[in-house]
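Student: Before anything else, here's the structure in question.
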C-alpha cells in the first residue's frame, strides 16, 4: 500500500481517524488502512478528551477569520456542531457564547449571523439579549417614533 505522507503525519501526531478523514477529505477506511500499514499501536478509545476544559476543546477546532466569523472544524452530529469533552457532547454555540459573553446562555440561542456555519459567540443571542434588544427598540420608537 502506498502511504500518504499527510495521513501518516497526522496519525503519528495522535490525531483521531475521524478528524483526519474530515480534514483531508478521505474515507475513514483509508485512514484505518494507513494506520495498519504503518504498524502504529491501536488508537485509544474512550480515553476522554485530550483537552483540559471544554473551552480548550472548542478553541482547538474553532478557526477565527479576519472578519469576525469563526469556522468549526471539529465534530458534528448531523448538521449540529458539538464539542466532545469528558464523555459529553456540548453544542458548540453554547461554548462559544460562554467564551464571548462570560456567562452561560439563558434559554434558546438564536443566530444573528447570516454566514453559513459560523460559530462565533458574538453571533448568537440568548433570551436576555433578545429582551434587552426589544426594550431598546421600544425606547427608540417611543423617542423617535416607530417605523412608517
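Student: Test of understanding: in a Gaussian network model of the chain with alpha carbons linked when under 10 Å, which of 25, 85, 101 would top the mean-square fluctuation ranking?
Tutor: Between 25, 85, 101, it is 25 that shows the largest mean-square fluctuation.
Student: In deg cm²/dmol and to the nearest 500, what is the mean residue ellipticity at 222 nm of the chain if only DSSP H runs of at least 4 residues count, each as -39500 (n - 2.57), divided by the residue total? Could the numbers behind the result be given before it?
Tutor: Values: 6 runs with 62 residues, N = 148.
Helices in the chain give a 222 nm mean residue ellipticity of -12500 deg cm²/dmol.
Student: For a test of the definition: using alpha carbon positions, the gyration tensor, and the 1.5 limit on a/c, classify the range 89-138 as rounded, prolate or oblate. Please list the in-between numbers first.
Tutor: On the way: a/c = 2.24, a/b = 1.45, b/c = 1.55.
It is oblate, given that a/c is not under 1.5 and a/b is not larger than b/c.
Student: Quick one: compute the contact order of the chain, relative version, from alpha carbon pairs under 8 angstrom and 6+ residues apart, as a percent. Before the final figure, lay out each step's value.
Tutor: Values: 164 pairs, mean separation 22.0, N = 148.
It comes to 15 percent, rounded to a whole number.
Student: Which ordering of 77, 54, 26, 83 is given by a fewest-first count of other beta-carbon atoms within 10 Å?
Tutor: Details: 77 10, 54 19, 26 15, 83 28.
Placing the least packed residue first, the sequence is 77, 26, 54, 83.
Student: Here's something else I'd like to know. Using a Gaussian network model of the chain with C-alpha springs under 10 Å, which one of 59, 98, 28 is most mobile by mean-square fluctuation?
Tutor: 28
Student: Another one. In which sequence would 58, 75, 124 go, from the one with the fewest C-beta neighbours within 10 Å to the one with the most? Each step should come with its number before you reach the end.
Tutor: Working: 58 25, 75 18, 124 22.
Least to most surrounded, the residues fall as 75, 124, 58.
Student: Next question, about the same structure. In whole Å, largest first, what are the principal axis extents of the Cα atoms in the range 13-84?
Tutor: 42, 26, 23
Student: If we count other beta carbons within 10 Å of each Cβ, what is the order of 7, 143, 18, 129, fewest first?
Tutor: On the way: 7 23, 143 7, 18 12, 129 17.
Ordered by Cβ neighbours within 10 Å, fewest first: 143, 18, 129, 7.
Student: Same structure, new question: Can you give the FRET efficiency for residue 33 and residue 136, using 1/(1 + (r/R0)^6), R0 = 35 Å, r = Cβ-Cβ distance, to the nearest 0.05? Let's see the in-between values first.
Tutor: On the way: r = 58 Å, r/R0 = 1.65.
Computed FRET efficiency for residue 33 and residue 136: 0.05.
Student: When N counts the residues of the chain, how does its alpha-carbon radius of gyration compare numerically with 2.2 N^0.38 Å, as a ratio?
Tutor: Numbers: Rg = 20.6 Å, N = 148, 2.2 N^0.38 = 14.7 Å.
Compactness ratio reported: 1.40.
Student: Given the options 31, 119, 92, which has the most mean-square fluctuation in a GNM of the chain, springs set between C-alpha atoms less than 10 angstrom apart?
Tutor: Result for the chain, Cα springs under 10 Å: 31 fluctuates most.
Student: Using 0.36 nm per residue, how much length does the chain from residue 71 to residue 90 gain when fully extended, once their Cα-Cα distance is taken away? Don't skip to the end; give the middle numbers.
Tutor: Working: separation 19, 0.36 × 19 = 6.84 nm, distance 1.66 nm.
My answer for the length gained is 5.2 nm.
Student: Could you please state, rounded to a whole Å, how far the C-alpha centre of the range 1-46 is from the C-alpha centre of the range 71-108?
Tutor: That distance is 26 Å.
Student: Hey, another quick one. Relative to the present Cα-Cα distance, how much length would full extension add between residue 22 and residue 9 at 0.36 nm per residue of separation? Could the numbers behind the result be given before it?
Tutor: On the way: separation 13, 0.36 × 13 = 4.68 nm, distance 1.50 nm.
The residue 22-residue 9 span can extend by a further 3.2 nm.
Student: Right, something else. Taking a ≥ b ≥ c as the square roots of the Cα gyration tensor eigenvalues, with a/c under 1.5 meaning rounded and otherwise prolate when a/b beats b/c, else oblate, which class fits the range 54-132? The partial results should precede the final answer.
Tutor: Details: a/c = 1.61, a/b = 1.23, b/c = 1.31.
Because a/c hits 1.5 or more and a/b fails to exceed b/c, the range 54-132 counts as oblate.
A short reminder: the numbers here are calculations on the coordinates, not readings from a lab. From a predicted model like this one, the values you see are computed outputs, not experimental measurements. Cβ: placed from backbone, ideal geometry, glycine included. Neighbour counts: every protein chain shown.
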